[in-house]
Amino acid sequence: MAAPPSRVLVVDDSPALLDQLAQVLARDGYDVRRARDGKEALRAFRGDLPDLVFLDLVLPDMDGLELLRILKAPRGDEQFIPVIILSAKSDIDSKVRGLRIGADDFLAKPFAEAEILARAQAMLRIKSLQDELRRARRELEEKQKQLEEQSITDSLTGLRNRRFFDERLAEEFRRAQRYADPVSLMMIDLDHFKAVNDQHGHLAGDSVLREAAALIRASIREPDICARFGGEEFAVILPKTHMSGALTVAERVWRELGQKKYRIGAEGKHLDVQVTASIGIAFYPARDVTGPDVLLKLADEALYRAKDAGRNTICLYQAQAYRFDAGQR
């Protein structure tokens with residue numbers, strides 16, 4: 001499929017010169033639009049961006065240099081649109097000022113047909129190279145974003161990974177200290193998960209992990225940060241959340257995980273498996289919590305207390321051990 005012809009906007013208040021330029025360009029296959037003053041030029045330019053502009057610096061309704069400044073002003077799309085200014089041979093000052101403002105070339109009156117076409121072709125070649133460079137830069141930026149996203153995402157569950165978690169925990173702890181805000185940390189471990197892998201295979205285990213991750217993500221707030229900590233263990237950072245709020249979130253997650261039935265096997269030959277969870281919580285501000293590493297250590301200790309207490313429960317770390325009996329709620 002042939003590419004559409006390049007769009008060229010010609011701006012000149014002289015009907016004779018306007019016709020000359022337009023006819024020469026049209027015969028060479030360009031899609032030519034005309035404008036006799038600045039207002040017409042702006043309407044044509046903004047309505048459908050041209051690929052190239054020929055601009056006379058002497059216009060009846062506005063200064064051609066001011067119009068040039070508008071045409072060459074930065075745009076959000078960063079698209080390069082070359083402008084060739086038209087000037088008399090003797091008007092060196094306007095020519096120099098136009099080039100300083102941003103004009104890409106100039107064409108001295110009177111015009112020779114070969115020169116008109118040569119200038120147009122040269123500017124459109126530059127535009128083509130600029131457009132290709134812009135596309136390549138955008139593709140590179142998109143690939144960089146994808147690589148960065150992959151570097152902080154757990155490939156199995158789609159949650160954030162341990163690297164991202166460590167960075168955000170330090171960041172949220174610093175923010176909590178700076179603004180005297182609370183922050184809580186919840187560690188979640190799927191109970192007896194090894195038995196799922198041993199009895200049903202690792203593919204079944206992976207399926208359970210994916211569904212459990214999605215369930216945890218759906219059970220917390222948008223600002224909360226959920227990550228796969230490792231193996232069958234998950235971590236949730238709860239910014240601006242006191243102990244009572246963290247317990248409420250933990251109970252919701254604990255109930256949802258405990259009630260979930262994971263379907264294992266193909267249709268017609270499957271079974272439903274339930275996997276409970278143990279949850280440990282630590283929070284700041286609290287005695288002895290002096291940094292993110294301490295907060296993580298105490299949340300992990302609370303998790304092990306929950307597991308030692310028989311699993312399928314929630315444990316809140318305090319200087320004096322406190323076990324939250326979620327089953328009684």
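The values are calculated or read from the model by the stated rules, or taken from the named source; none is laboratory data. Values in this document were obtained by computation on a predicted structure and should not be read as measured data. Note that each Cβ is placed from the backbone with ideal geometry, even for glycine, and that neighbours are counted across all protein chains shown. All accessible areas refer to the heavy atoms of the entire protein, side chains included, with ligands and DNA or RNA removed. Shrake-Rupley method; radii C 1.70, N 1.55, O 1.52, S 1.80 Å.
If r is the Cβ-Cβ distance from D31 to Q199 and R0 is 51 Å, what FRET efficiency results, to the nearest 0.05?
E between D31 and Q199, to the nearest 0.05, is 0.15.
What would the Debye formula give as log10 I(q)/I(0) at q = 0.25, 0.31 Å⁻¹ for the alpha-carbon point model of region 198-240, no solvent?
Result of the Debye calculation: -0.87, -1.11.
Of the listed peptides 5-11, 213-219, what is their order by residue-averaged count of other C-beta atoms within 10 Å, with the highest listed first? Walk me through the numbers before you get to the answer.
Details: 5-11: 22.6, 213-219: 16.9.
The densest-packed peptide leads the list: 5-11, 213-219.
What's the local net charge at A195, with K and R +1, D and E -1, over the other residues with C-beta under 14 Å away?
Details: positive: K194, R311; negative: D189, D191, D198, E232.
Counting the neighbours of A195, the net charge comes to -2.
In terms of the ratio Rg/(2.2 N^0.38 Å) built on C-alpha atoms, what value belongs to region 199-305?
Taking the Cα Rg and dividing by 2.2 N^0.38 Å, one obtains 1.20.
How much mean residue ellipticity at 222 nm does the chain get from its helices, if each DSSP H run of length 4 or more adds -39500 (n - 2.57) and you divide by all residues, to the nearest 500 deg cm²/dmol?
Numbers: 10 runs with 158 residues, N = 329.
Per the formula, -16000 deg cm²/dmol.
Say we join alpha carbon atoms closer than 10 Å with springs in a Gaussian network model of the chain; which of M186, M62, M243 then has the biggest fluctuation?
M62
Quick one: longest stretch of the chain between exposed loop GluC sites (Glu not before Pro), exposed meaning at most 13 other C-beta atoms within 10 Å and loop per DSSP?
79-266
Might you tell me the accessible area per residue for region 224-324, computed with a 1.4 Å probe and given in Å²?
Values: 4860 Å² over 101 residues.
Heavy-atom accessible area per residue stands at 48 Å².
So, with a 1.4 angstrom probe, what is the percent of accessible area on the chain that is carbon and sulfur? Intermediate results must be reported in sequence, preceding the final value.
Details: 8690 of 17460 Å².
Summing carbon and sulfur atoms, their accessible area is 50 percent of the total for the chain.
Nearest 5 percent is fine: what portion of the DSSP beta bridges confined to region 2-83 is antiparallel? Write out the running numbers ahead of the final one.
Working: 1 of 11 bridges.
Here the antiparallel bridges make up roughly 10 percent for region 2-83.
Taking the simple approach of a point 7 Å from Cα along Cα-to-Cβ for both Q274 and T248, what is their distance in nm?
So the label points at Q274 and T248 sit 2.7 nm apart.
As an exercise, take the mean of 1/r over every pair of distinct alpha carbons in region 26-185, invert it, and state the Kirkwood radius in angstroms. Display every interim value, and only then the final one.
Numbers: mean 1/r = 0.0500 Å⁻¹.
20.0 Å is the Kirkwood radius here.
How big, on average over all directions, is the shadow cast by the Cα convex hull of region 109-216, in nm²?
Averaged projected hull area, Cα only: 14.6 nm².
Stretch D166-A16 to full length: gain in nm at 0.36 nm per residue minus the Cα-Cα span?
Roughly 46.9 nm would be gained on extension.
State the extension gain, in nm to one decimal, for the chain segment bounded by E256 and R97, taking 0.36 nm per residue of separation less the distance between their alpha-carbons.
Values: separation 159, 0.36 × 159 = 57.24 nm, distance 7.03 nm.
Gain on stretching E256 to R97: 50.2 nm.
Could you give the accessible area per residue of region 30-132, probe 1.4 Å, as a whole number in Å²?
Ligands and nucleic acids excluded, the result is 51 Å² per residue.
Would you kindly calculate the translational diffusion coefficient of region 9-102, applying Stokes-Einstein with the Kirkwood radius from alpha carbon pairs, for 10 °C and a viscosity of 1.306 mPa s, and quote it in µm² s⁻¹ without decimals?
117 µm²/s
Cross-link candidates for K261: which aspartates and glutamates have Cα within less than 20 Å, leaving aside residues fewer than 8 places away along the same chain?
D189, D191, D198, D206, E211, E232, E233, E251, D272
Within the chain, which whole H helices from DSSP have a Cα span along their axis of at least 15 Å and a mean Kyte-Doolittle hydropathy of -0.5 or more, if any?
Helix filter hits for the chain: 15-27, 202-219, 243-259, 292-308.
Subtracting the Cα-Cα distance from 0.36 nm times the residue separation, let me have the gained length for I126 to A218 in nm, one decimal.
Full extension of this stretch gives 28.0 nm more.
For a Förster distance of 56 Å, can you work out the FRET efficiency between the beta-carbons of H192 and E142, rounded to the nearest 0.05?
It comes out at approximately 0.85.
Region 1-70 to region 209-284: how many Å between their Cα centroids?
63 Å
With no solvent and one point per C-alpha, what does the Debye sum give as log10 I(q)/I(0) for the chain at q = 0.10, 0.13 Å⁻¹?
For the chain, the Cα-only Debye profile gives -0.67, -0.87.
Would you mind checking K145/K269; K260/K297; K269/K307; K240/K297; K145/K240; K95/K127 for any pair whose Cα atoms are more than 31 angstrom apart?
Pairs exceeding 31 Å: K145/K269; K269/K307.
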